[in-house]
Amino acid sequence: MKIGFVGLGNMGAPMARNLMAAGHQVAGFDTAAAPDDIPLATTAAEAASGADVVITMLPNGEILRAVASQIHPAMPKGAVHLDCSTVDVESARNVAQAAEASGLSCVDAPVSGGIGGATNGTLTFMAGGPPEAFDTVSPLFEVMGQKAVHCGDAGNGQAAKICNNMVLGATMIATCEAFVLADKLGLDRQAMYDVVSTSSGYSWSMNAYCPAPGVGPQSPADNDYRPGFAAALMLKDLNLSQMAAKAADADTPMGQRAREIYAQFVEDEGKGALDFSAMLPRFSNRGRGPADT
Ligand code: NAD
């Protein structure tokens, strides 16, 4: 396929490389210095011109809306705008309407799997949009990822992503505070892991991504809490889920509290570059001083 790719950052660049390696013709664009191994256009509109599919991988909804207004007029009728950024549900639905008005279709397909998943082609896509457009871009999902779930209409991909990450943020906090309580009660961390990971408190945060160094499978905790999934990105997603909860009048007290705790960690304590599981040393020292990794 002929693919325009706008946003060649940490995630976009390796995704574009995987598409090129699979034989697709890629024209990329980024407002910052872009990697020199991806063929570049001079504007987003030029990258979109004549493309079967234009992929966007951008920081937020505001930028996505601005880029959509540049690329939609340049895309051939019937082409698909595939947005893989994580943005607010409202922007995703707004961009889908704009695409439709221009004779295009739009699929919102945020990802999980991080930079490692983008590089290795093992991302998971959560997609919203018309079934025909989902079918059109499915071969691209197969190149860039290992799984794509069609979640329904426009915006539902973003909805699935922020609901998942709201669960993740809250369970990571619960897992970390339980370790801290166990420490105070004199319970060995390995014993705590052995029990909880095989009991009703088990979760992905405990079993697959244990926040305690030296316990459970290898995780960012074993690498001085280098991400992984940065706490700043977790805060971004928790802000999006609370924004959506407010707009939809959903009662999400745990999501709200998780947002507040990550905001403190990232904005007040300056720990946004650490992995989101560094909440464990943060709780251990009650937020004072350097993380006691
Ligand atoms: P990034 O900041 O590395 O990349 C974004 C790129 O967009 C940058 O290179 C920037 O220069 C470019 N850009 C900004 N405005 C632009 C414009 N108007 N036109 C063209 N390019 C423009 O971010 P990233 O880590 O690659 O993340 C991209 C998206 O993927 C975000 O929405 C993020 O939330 C989501 N995401 C990231 C991860 C991760 O682990 N990094 C995981 C899952 C989802």
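The values are calculated or read from the model by the stated rules, or taken from the named source; none is laboratory data. In this text the structure is predicted, and so the values were computed from the model without any measurement. In this analysis, Cβ positions are derived from the backbone assuming ideal geometry, glycine residues included, and neighbour counts consider all displayed protein chains. For the accessible areas, the whole protein counts, side chains as well, though only heavy atoms, and no ligand, DNA or RNA atoms are used. Shrake-Rupley method; radii C 1.70, N 1.55, O 1.52, S 1.80 Å.
Test of understanding: among Leu104, Leu168, which residue is in contact with a strand residue (DSSP E or B) (Cβ under 7 Å, 6 or more places away or on another chain), in contact (Cβ under 8 Å) with a residue 12 or more places away in the chain and open to solvent by less than 50 Å² (accessible area, probe 1.4 Å)? Don't jump to the end; show me each part of the working.
Working: Leu168 fails: in contact with a strand residue (DSSP E or B) (Cβ under 7 Å, 6 or more places away or on another chain).
Step by step, each of Leu104, Leu168 is checked, and only Leu104 is in contact with a strand residue (DSSP E or B) (Cβ under 7 Å, 6 or more places away or on another chain), in contact (Cβ under 8 Å) with a residue 12 or more places away in the chain and open to solvent by less than 50 Å² (accessible area, probe 1.4 Å).
Which members of segment 212-233 meet the condition of being part of a loop (DSSP other than H, G, I, E, B), open to solvent by less than 20 Å² (accessible area, probe 1.4 Å) and either touching a strand residue (DSSP E or B) at 6+ places or on another chain (Cβ under 9 Å) or within 16 Å of the ligand (Cβ to nearest atom) (or both)? Talk me through it step by step, then tell me what you get.
The initial filter retains those residues of segment 212-233 that are part of a loop (DSSP other than H, G, I, E, B), namely 212-219, 224-229.
From what is left, the residues that are open to solvent by less than 20 Å² (accessible area, probe 1.4 Å) are 212, 215, 219, 225.
Hits for segment 212-233 are Ser219, Tyr225.
Among the residues of segment 155-165, are any in contact with a His (Cβ under 9 Å, 6 or more places away or on another chain) and closer than 27 Å to Asn94 by Cβ? Break it down into steps so the answer makes sense when it comes.
Filtering segment 155-165 for residues in contact with a His (Cβ under 9 Å, 6 or more places away or on another chain) gives 156-157.
From what's left, closer than 27 Å to Asn94 by Cβ: 156-157.
Among the residues of segment 155-165, at least one is in contact with a His (Cβ under 9 Å, 6 or more places away or on another chain) and closer than 27 Å to Asn94 by Cβ, which makes the answer yes.
Looking only at segment 32-44, filter to residues that are within 14 Å of the ligand (Cβ to nearest atom) and in contact with a Gly (Cβ under 9 Å, 6 or more places away or on another chain); which one of those is modelled with the lowest pLDDT?
Per the criteria, the residue is Ala34.
Would you mind telling me which numbered condition in (1) in a loop (DSSP other than H, G, I, E, B); (2) open to solvent by 60 Å² or more (accessible area, probe 1.4 Å); (3) modelled with pLDDT of 95 or more Ser85 fails?
The failed condition is (2).
Show the residue pairs that are 6+ apart or on different chains and have beta-carbon atoms under 7 Å apart, the first residue being within segment 24-50 and under 24 Å from Lys77 (Cβ atoms) and open to solvent by less than 70 Å² (accessible area, probe 1.4 Å), the second being among the basic types (Lys, Arg) and more than 9 Å from the ligand (Cβ to nearest atom).
Gly50/Lys2
List every residue pair whose Cβ atoms sit under 9 Å apart, with the two residues 6 or more apart in sequence or on different chains, where the first one lies in segment 113-124 and is part of a helix (DSSP H, G or I) and more than 10 Å from the ligand (Cβ to nearest atom) and the second, anywhere, is modelled with pLDDT under 95 and not aliphatic (A, V, I, L, M).
Between residues of segment 113-124 that are part of a helix (DSSP H, G or I) and more than 10 Å from the ligand (Cβ to nearest atom) and residues that are modelled with pLDDT under 95 and not aliphatic (A, V, I, L, M), the close pairs are Asn120/Gly113.
Looking at Ala21 and the list (1) surrounded by fewer than 22 Cβ atoms within 10 Å (Cβ to Cβ); (2) of a type in the set (Gly, Ala, Ser); (3) under 20 Å from Thr122 (Cα atoms); (4) within 13 Å of the ligand (Cβ to nearest atom), which single condition is not satisfied?
(4)
Hey, could you check segment 1-18 for residues that are small (Gly, Ala, Ser) and in contact with a Phe, Trp or Tyr (Cβ under 7 Å, 6 or more places away or on another chain) and say which is nearest to the ligand (Cβ to nearest atom)? Quick ask: steps written out before the conclusion?
Going residue by residue through segment 1-18, those that are small (Gly, Ala, Ser) are 4, 7, 9, 12-13, 16.
Going one step further and asking which of them are in contact with a Phe, Trp or Tyr (Cβ under 7 Å, 6 or more places away or on another chain), we end up with 12, 16.
Details: Gly12: 5, Ala16: 11 Å.
It comes out as Gly12.
Take segment 240-252 and flag every residue that is open to solvent by less than 80 Å² (accessible area, probe 1.4 Å) and assigned to a helix (DSSP H, G or I). Break it down into steps so the answer makes sense when it comes.
As a first pass, look at segment 240-252 and keep what is open to solvent by less than 80 Å² (accessible area, probe 1.4 Å): 240-242, 244-245, 248, 250, 252.
Within segment 240-252, Leu240, Ser241, Gln242, Ala244, Ala245, Ala248 qualify.
When you scan segment 51-63, do you find a residue that is farther than 27 Å from Ala230 by Cα, of a type outside the set (A, V, I, L, M) and more than 11 Å from the ligand (Cβ to nearest atom), even just one?
Yes, because at least one residue in segment 51-63 is farther than 27 Å from Ala230 by Cα, of a type outside the set (A, V, I, L, M) and more than 11 Å from the ligand (Cβ to nearest atom).
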